[in-house]
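Trainee: Let me give you the structure first, and then I'll get to my questions.
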Amino acid sequence: MNSNLNVSEYSPREVKKSVTGNGASSKEQVKYMVKSILSINHEPKYMDSSDALAIALCHYYSLQNKINKSYNKKYSWKDYVEKNPGRILK
């Protein structure tokens, strides 16, 4: 907080759902998907390492969704007309 860093929190269910598509996935399923998504060929020594990577992936996906939503804003007809005057028949 003293350094003004952004902090994000994700529930275990959110993390599991973002990585595996199922919020009730087992740790083994999460580990398998993390290895698959990141093209990791070796077995992690600790289950916590795959959990940490899953949280990082969840955060990345969350940021991507926020960016995509800002690009896909709904515009009114008034906005369309103002941005595309040559497409309007009079």
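The values are calculated or read from the model by the stated rules, or taken from the named source; none is laboratory data. Everything numeric in this text was worked out from a predicted model, so none of it was measured. Please note: Cβ atoms are built from the backbone with ideal geometry, for glycine as well, and neighbour counts cover all protein chains shown.
Trainee: Among residues belonging to segment 36-66 that are over 17 Å from the mean Cα position of the chain (by Cα) and among the charged types (D, E, K, R), point out the one that is modelled with the highest pLDDT.
Mentor: Filtering first and then ranking leaves Asp48.
Trainee: Now for a different question. Go through (1) modelled with pLDDT of 90 or more; (2) among the basic types (Lys, Arg); (3) in a loop (DSSP other than H, G, I, E, B) one by one and return the number of the condition Lys16 breaks.
Mentor: (3)
Trainee: Residue check: is Lys69 modelled with pLDDT under 95, exposed (fewer than 10 other Cβ atoms within 10 Å of the Cβ) and not in a loop (DSSP other than H, G, I, E, B)?
Mentor: For Lys69, the condition - modelled with pLDDT under 95, exposed (fewer than 10 other Cβ atoms within 10 Å of the Cβ) and not in a loop (DSSP other than H, G, I, E, B) - is met.
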